[in-house]
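The values are calculated or read from the model by the stated rules, or taken from the named source; none is laboratory data. Owing to the predicted nature of the structure, the values given are computational and were not obtained by experimental measurement. Cβ: placed from backbone, ideal geometry, glycine included. Neighbour counts: every protein chain shown. Surface accessibility is based on the protein's heavy atoms, side chains included, excluding ligands, DNA and RNA. Shrake-Rupley method; radii C 1.70, N 1.55, O 1.52, S 1.80 Å.
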Amino acid sequence: MNRGRFITLEGGEGAGKSTQLRRLAEALAERSLDLVVTREPGGAAGAEQIRRLLVEGEPGRWTPMTEALLHIAARRDHLERTIWPALEAGRWVLCDRFADSTMAYQGYGLGLGRDVVARLHQVAIGEFQPDLTVILDLPPDLGLARAEARRGTETRYERMEPAFHRRLRDGFLDIARRDPGRCAVVDATAPLDDVSAAVLACVVDRCGLAPP
Ligand code: TMP
């Protein structure tokens, strides 16, 4: 049976991932692809319970190591219950955040380091990787202002210091530089329709679809 594709969207706060993921799903559904749209942390019952422990409460609630382990525990549950079964059934999985978020937020942002996060992932998920990762890039002050305007309330990560948000933006760009075969960076300061077109173009190009 044909294995489906695994596509992830990444970026800092307020980059517009959820909107872009919805638009991408609509564009791919028009091509009659069988899709699963999901998110991290979350995407399975247990992982959604872990999500609440991660996004609520004070910024310093967890140490960086505990926080990374919680994200990775949620990820393993999500993979086992949702992502792997869907891919094996030939479905395409579109995911709002995945392992690069742990690398950027906990590895670069909270200072756990690349090596530690890579080793934890090696144990928990092995060599498994997205077929394509689109990173939506924008300056953190712009993203935080957008996120606050959208939600009205801040999540735990939005309350972290400005330097944290700068480190994680640099982290995402570094991840993309190190793995250009898998990652594509899209300028998320562009108008919404232009961002959507750029995201779709990446998918068409890298996943071997016919151009629109
Ligand atoms: P969301 O706001 O994109 O739904 O994600 C929830 C928060 O969790 C977001 O602020 C980023 C953070 N996060 C991490 O810190 N590490 C991770 O591995 C993941 C998946 C998310």
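Express the relative contact order of the range 6-207 as a whole percentage, based on alpha carbon pairs under 8 Å and six or more residues apart in sequence.
32
Would you mind telling me the share, in percent, of accessible area of the range 6-207 contributed by carbon and sulfur at probe 1.4 angstrom? Show your work: numbers first, answer last.
Numbers: 4700 of 9060 Å².
Roughly 52 percent of what the probe reaches on the range 6-207 is carbon or sulfur.
Return one whole number: the accessible area per residue of the chain in Å², for a 1.4 Å probe. Display every interim value, and only then the final one.
Numbers: 9970 Å² over 212 residues.
Using a 1.4 Å probe on heavy atoms only, each residue of the chain averages 47 Å².
Less than 15 Å Cβ to Cβ from THR189, Lys/Arg counted +1 and Asp/Glu -1: what total charge do the surrounding residues give?
-3
One quarter of the convex hull surface, Cα atoms only: what value does that give for the range 6-207 in nm²? The partial results should precede the final answer.
Working: hull surface 41.7 nm².
For the range 6-207, averaging the hull's shadow over all directions gives 10.4 nm².
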